[in-house]
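Reviewing the structure listed below.
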């Protein structure tokens, strides 16, 4: 994406500003409406997704035809395509969100001061959340539904590839809100993919409290660079598996293979394998062989390369010397960088220097080493004897996930419904004044 | 402040980048060093503040002389000036922070998944925090000490007016860190007030995790507009006192007067008085008279003006018709805007439209009205029968305060030590892989 916003179009500025003003009004209604109307709206949206299959698939067919005409890659077209079973699955996921506890209103702390003031810290919605995303139309439903359940108004700005699909889905959401007696402005799709509309949205820091970009790093950077509104970011995952001196060979193999190959295109897949020098001669050929058997290419530092050269089970084209860039790359495919370190401390320093603070795991039978690793590695999830792939809202039991934050502020790691909330303090007095 | 950064100076870029790199290394040490060395460093800093009085006051005298030469206002010179008693008070405040519980390491949640994975959410420091502030040199000690206690490395960028004072204070902090065996790079002062150094710091989003500007709105906006690093903001406080239909006259008077006049220059002082029409004829003349007796100027809407015109106790020059801007102004002085509304709902809508989401209170003996007001007013602290002035970390019992956040993300309202922290998840397995 270009980082120089086009000049402003007054009509678009008015349109987007007015949309955000009505979102702010709807957010104030949602914040105090209680759980029941939100759940009624979610149930209606789930039902309408099924009932409106024909209308949604017609919109989607328009987008898919345009995508084919523009020569989009098959994988992109697949991500764009909705089918009746996919809509059915989407409807079930909406019902699952309806069944989750309402995070709003929970008392997070209650205390009384010596002067008699009673303070309660209660969870409240953030307010108006702008969701900026690319081609996957299921994001329209996922994000709208998670924002709604957590009492936030959502402004959705989808990509041009899924414009007609998003319009149909937004229509379903609006009808669901209306059935439940909630303002239709609680979830609004920006009715144009003109970049100037996005630039206007990014400037409305008096109306929009939070931005969540869903997409690649260039989209996230564009949003962060062009807005003063706080952004919840999920940058890339350069995740490591570290095999310690005392690693069990069976666990080392199964965890490394699962972390790398179970779904290589996602952010919690492993991109780096780090092995303690004492364990490498025994462990690395076995683990590397298992990776190679799954088709993984190994980019090795000199010591790892020497241990693996001419090993049976690893084809020559699967083994190469690593470049410096390999140790900072999110491959998102069947490639892994391999390094040997001389100590636990070197492994920790390597991860803190070259990783992305997403997910890192140690495989070891030495509990002291595991605890040191967990304390010192500065990442959102630091695991011991488990796959990196568990950094996920559903795997954590949150029942939902809007993303995995690589920020330190507000939320870190998998974000569920409570992470879509803020809090405020209610202060009850009996006439207290400050001396 | 200008919003167009000057062009970059390569030597300054190297200097500030290297400083931030060493801060990052120090942050990783602080994150796992435990409570004892941090408290030893704080005790040493408190002692050294007293022992180094002559050196600090000499630096301060240089700054004060320069300020006088530049013709700074008396109030600004007073804020800049340190004295032996002020240093003594600063040393005591450092000891108070040392006595507070360490927020780092607290387990915020522990649970086990059906697959046996054990998850712990633990509080950890944010990392490297950049503090950008203006002339008050006590901010150097306050912020350094709060960051240190919460395990964060601090990069301090003070104003040019207090440059020599800050250098002396930073020397004290460095000696205190060294005495405790902690890296001196845990707290660093940028050794120049060249604007280009600040601009470099604002760009280092791979090394600095959070920025806290301490100062006026123009400083905060400059930081937010010129950095991708998350910023914890405390914009202005346009706080309201709302006197409901059922307000007790005595409480209405004492709370309004305290909220307005006890310290008019701070962000939790009231700027707006809103009165229910049913109560206004009985209440407003009494409350306005009490404000006028304290020298407050009343900017009134037409109905309030009619009720107050020619009332004894209010001098003609204390009463005027409000301009539209008066209802959006942080006066920070003995001025208050006065409006009459016809309902509780109109009061709520007025505050949510014109306030700044900081602190708003209702005075009423009607509990249902109070609960509705607290639920619907979208502010960090919403009070019932208490002064707005209690929105403060010390008044809340936090024992410390780095600011009052008007953001919705991360922290809202008074920020103590836990609000200077992030969290991470520790995941313990026995070889779990994802299906």
Original post:
Which of the residues spanning the stretch A:158-167 are in contact with a helix residue (DSSP H, G or I) (Cβ under 8 Å, 6 or more places away or on another chain) and surrounded by fewer than 22 Cβ atoms within 10 Å (Cβ to Cβ)?
Top reply: A:163, A:164, A:167
**OP:** Considering every residue within the stretch A:408-423, establish whether at least one is under 30 Å from residue B:248 (Cβ atoms), touching a residue at least 12 places away in the same chain (Cβ under 8 Å), surrounded by fewer than 24 Cβ atoms within 10 Å (Cβ to Cβ) and at the interface with chain B (Cβ under 7 Å from one of its Cβ atoms).
**Re:** yes
Subject >> Odd one out for residue B:321 among (1) within 27 Å of the chain's Cα centre (by Cα); (2) over 25 Å from residue A:434 (Cα atoms) >> reply: (1)
Subject >> Any chance residue A:396 is modelled with pLDDT of 95 or more, more than 9 Å from chain B (Cβ to nearest Cβ), under 20 Å from residue B:426 (Cβ atoms) and in contact with a strand residue (DSSP E or B) (Cβ under 6 Å, 6 or more places away or on another chain) >> reply: no
**OP:** Only residues that are farther than 17 Å from residue A:243 by Cα and either buried (at least 22 other Cβ atoms within 10 Å of the Cβ) or under 32 Å from the mean Cα position of the chain (by Cα) (or both): list them for the stretch A:277-306, please.
**Re:** A:292, A:293, A:294, A:295, A:296, A:297
Original post:
Any residue in the stretch A:192-208 that is closer than 30 Å to residue A:389 by Cβ, within 14 Å of chain B (Cβ to nearest Cβ), buried (at least 19 other Cβ atoms within 10 Å of the Cβ) and touching a strand residue (DSSP E or B) at 6+ places or on another chain (Cβ under 6 Å)?
Top reply: no
Original post:
Which of (1) assigned to a helix (DSSP H, G or I); (2) surrounded by 14 or more Cβ atoms within 10 Å (Cβ to Cβ) is the odd one out, the single condition residue A:122 does not satisfy?
Top reply: (1)
Original post:
Being in the same structural domain as residue A:81 (by TED's automatic domain parsing) and surrounded by fewer than 19 Cβ atoms within 10 Å (Cβ to Cβ), is that true of even one residue in the stretch A:141-148?
Top reply: no
Original post:
Of the residues that make up the stretch B:98-114, is at least one at pLDDT 95 or above and assigned to a helix (DSSP H, G or I)?
Top reply: yes
**OP:** For residue A:381, indicate whether it is at the interface with another protein chain (Cβ under 7 Å from one of its Cβ atoms) and closer than 20 Å to residue A:271 by Cβ.
**Re:** yes
Original post:
For the stretch B:362-435, which strands (runs of 3 or more DSSP E) that fit wholly inside it have 1 or more residues that are within 30 Å of residue A:394 (Cα to Cα)?
Top reply: B:421-432
Original post:
Hey, any hits in the stretch A:242-257 for a residue that's under 27 Å from residue A:420 (Cα atoms) and within 14 Å of another protein chain (Cβ to nearest Cβ)?
Top reply: no
Original post:
Hey, does the stretch B:356-366 have a residue that's facing another protein chain (nearest Cβ under 7 Å), under 28 Å from residue A:405 (Cβ atoms) and buried (at least 23 other Cβ atoms within 10 Å of the Cβ)?
Top reply: no
**OP:** Take residue A:236 and decide whether it is over 26 Å from residue A:379 (Cα atoms), touching a helix residue (DSSP H, G or I) at 6+ places or on another chain (Cβ under 8 Å) and modelled with pLDDT under 95.
**Re:** no
Subject >> Sole exception among (1) touching a helix residue (DSSP H, G or I) at 6+ places or on another chain (Cβ under 9 Å); (2) more than 7 Å from chain A (Cβ to nearest Cβ); (3) in contact (Cβ under 8 Å) with a residue 24 or more places away in the chain for residue B:428, by number >> reply: (2)
**OP:** Name, by its number, the condition in (1) surrounded by 22 or more Cβ atoms within 10 Å (Cβ to Cβ); (2) at the interface with chain A (Cβ under 9 Å from one of its Cβ atoms) that does not hold for residue B:402.
**Re:** (2)
Original post:
For the stretch B:99-123, how many residues are touching a residue at least 12 places away in the same chain (Cβ under 8 Å) and within 12 Å of chain A (Cβ to nearest Cβ)?
Top reply: 13
Subject >> Meets criteria (under 30 Å from residue A:287 (Cβ atoms) and surrounded by fewer than 18 Cβ atoms within 10 Å (Cβ to Cβ)) for residue A:237 >> reply: no
Subject >> Residue identified as crowded, with 16+ Cβ neighbours inside 10 Å, within 27 Å of the chain's Cα centre (by Cα) and either more than 23 Å from residue A:134 (Cβ to Cβ) or free of Cβ contacts under 8 Å to residues at least 60 places away in the same chain (or both) among A:80, A:42, A:49 >> reply: A:42
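One line per residue, one yes/no per condition, for (1) more than 18 Å from residue A:269 (Cα to Cα); (2) touching a residue at least 40 places away in the same chain (Cβ under 8 Å); (3) part of a helix (DSSP H, G or I):
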position: A:287; (1), (2), (3): no, yes, yes
position: A:298; (1), (2), (3): no, yes, no
position: A:305; (1), (2), (3): yes, no, yes
position: A:312; (1), (2), (3): yes, no, no
Original post:
Across the stretch B:323-344, what is the number of residues that are touching a helix residue (DSSP H, G or I) at 6+ places or on another chain (Cβ under 8 Å) and outside any strand (DSSP E or B)?
Top reply: 4
Original post:
Would a scan of the stretch A:101-111 turn up a residue that is surrounded by 13 or more Cβ atoms within 10 Å (Cβ to Cβ) and out of contact with any strand residue (DSSP E or B) (no Cβ under 9 Å at 6 or more places or on another chain)?
Top reply: yes
Subject >> Options A:219, A:283; residue that is in contact with a strand residue (DSSP E or B) (Cβ under 6 Å, 6 or more places away or on another chain) and farther than 21 Å from residue A:413 by Cα >> reply: A:283
Original post:
Which condition number does residue A:350 fail, the rest of (1) surrounded by fewer than 20 Cβ atoms within 10 Å (Cβ to Cβ); (2) touching a residue at least 40 places away in the same chain (Cβ under 8 Å); (3) part of a strand (DSSP E or B) being met?
Top reply: (3)
**OP:** Return yes or no: is residue A:218 outside the structural domain of residue A:330 (by TED's automatic domain parsing) and buried (at least 18 other Cβ atoms within 10 Å of the Cβ)?
**Re:** no
**OP:** Out of B:284, B:305, report the one residue that is more than 30 Å from residue B:216 (Cβ to Cβ) and out of contact with any helix residue (DSSP H, G or I) (no Cβ under 8 Å at 6 or more places or on another chain).
**Re:** B:305
**OP:** Output the residues belonging to the stretch B:334-368 that are farther than 17 Å from residue B:280 by Cα and more than 27 Å from the chain's Cα centre (by Cα).
**Re:** B:367, B:368
Original post:
Looking at this structure, is residue B:250 free of Cβ contacts under 8 Å to residues at least 12 places away in the same chain and either in a helix (DSSP H, G or I) or over 25 Å from the mean Cα position of the chain (by Cα) (or both)?
Top reply: yes
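The values are calculated or read from the model by the stated rules, or taken from the named source; none is laboratory data. Model, not experiment: these values are computed from the prediction. Glycine gets a Cβ as well: all are built from the backbone with ideal geometry, and neighbour counts include every protein chain shown.
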